[in-house]
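The values are calculated or read from the model by the stated rules, or taken from the named source; none is laboratory data. All of these numbers come straight from a predicted model, not from anything done at the bench. Don't worry about glycine lacking a Cβ; one is built from the backbone with ideal geometry, like all the others, and counts go over all protein chains shown.
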């Protein structure tokens, strides 16, 4: 099982952390643990534990076994001709010529490691590995011809491109972190939409004939979104993730969500009211990438709607999001001193 690249601590706090002076307050959208420190700094680096060919010298027409094992990957590719793979695996290959294979393991915060091996095919001209994996141009489609968006995708980097305009008197909705604030994620409460995409954990789309399910690994948050033309509930009760309905505009899935409570934050560090309205657009631009745009509107807070855009990379090495348990049973204020 791949080891996740990020860890957000929410319950078990070692004594050593309590003895460490608190870090300065961070921006509202950075994932902080109970110690007040950005958790990404604790993300272990990616490693290549094994990348071998068995055997590494063959005759024309013979096969070999490519074997690899990695740790802490956010994504793994092997070139030439293999593409995205799981954290550990084997592949039987029959190269036509001497070939140099390269594995690239991406980790947290744009870190990566690479390694190459060469398999010699007697009497042939060598082929060198292409460092850039081939991008599959066309994504899969459903039986009805609509794009199939199903898959596991990486979460987005934190939002630094958010500059909404506040209505007069609404500046109080800007979140300001104090020195004793344990951070957005310390209370293990649902993150809401669209903040849920900005947690450094994977998320998944499961697409059916008349509905789409979105599953988030962090906190096991989910939405079941009808795409059969069903309207919003007449009077939805305010919830953390809202009431969502979907429609198709060509090859783009448009998800309209209302019915939020006012207990979550928006990317960039803003509060909102129950009037929050989010419209998301999902478009699979190629096999390995999903374009996502979200228009955010709250007439009680902002002068006009504002938009976030991200391109999510497909995690071809994962078939589903993993289990995540977050428990908060203590007050962290004592960690920051008196």
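Can we say residue 212 is in a strand (DSSP E or B), surrounded by 19 or more Cβ atoms within 10 Å (Cβ to Cβ), out of contact with any helix residue (DSSP H, G or I) (no Cβ under 6 Å at 6 or more places or on another chain) and in the same structural domain as residue 256 (by TED's automatic domain parsing)?
Numbers: in a strand (DSSP E or B): yes; surrounded by 19 or more Cβ atoms within 10 Å (Cβ to Cβ): yes; out of contact with any helix residue (DSSP H, G or I) (no Cβ under 6 Å at 6 or more places or on another chain): yes; in the same structural domain as residue 256 (by TED's automatic domain parsing): yes.
For residue 212, the condition - in a strand (DSSP E or B), surrounded by 19 or more Cβ atoms within 10 Å (Cβ to Cβ), out of contact with any helix residue (DSSP H, G or I) (no Cβ under 6 Å at 6 or more places or on another chain) and in the same structural domain as residue 256 (by TED's automatic domain parsing) - is met.
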If you go through segment 229-241 one residue at a time, how many are more than 18 Å from residue 280 (Cβ to Cβ) and at pLDDT 95 or above? 1
Out of 264, 257, sole residue that is part of a loop (DSSP other than H, G, I, E, B), in the same structural domain as residue 227 (by TED's automatic domain parsing) and at pLDDT 95 or above: 264
Being in contact (Cβ under 8 Å) with a residue 12 or more places away in the chain, surrounded by 14 or more Cβ atoms within 10 Å (Cβ to Cβ) and out of contact with any helix residue (DSSP H, G or I) (no Cβ under 6 Å at 6 or more places or on another chain): is that true of residue 175 here? yes
Of the residues that make up segment 290-302, is at least one under 30 Å from residue 76 (Cβ atoms) and either in a loop (DSSP other than H, G, I, E, B) or free of Cβ contacts under 8 Å to residues at least 24 places away in the same chain (or both)? yes
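Residues checked against (1) loosely packed, with under 15 Cβ neighbours inside 10 Å; (2) at pLDDT 90 or above; (3) in the same structural domain as residue 95 (by TED's automatic domain parsing):
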position	(1), (2), (3)
145	yes, yes, no
158	no, no, no
161	yes, no, no
166	yes, yes, no
169	yes, yes, no
Go through 194, 238, 226, 190 for me and flag whichever is touching a strand residue (DSSP E or B) at 6+ places or on another chain (Cβ under 7 Å) and without any contact (Cβ under 8 Å) to a residue 24 or more places away in the chain. 226
Of all strands (runs of 3 or more DSSP E) completely enclosed by segment 45-92, which ones contain at least 1 residues that are more than 20 Å from residue 315 (Cβ to Cβ)? 47-54, 64-71
Filter pass, residue 316 being touching a strand residue (DSSP E or B) at 6+ places or on another chain (Cβ under 8 Å), touching a residue at least 12 places away in the same chain (Cβ under 8 Å) and either outside any strand (DSSP E or B) or not assigned by TED's automatic domain parsing to the domain that holds residue 155 (or both): yes
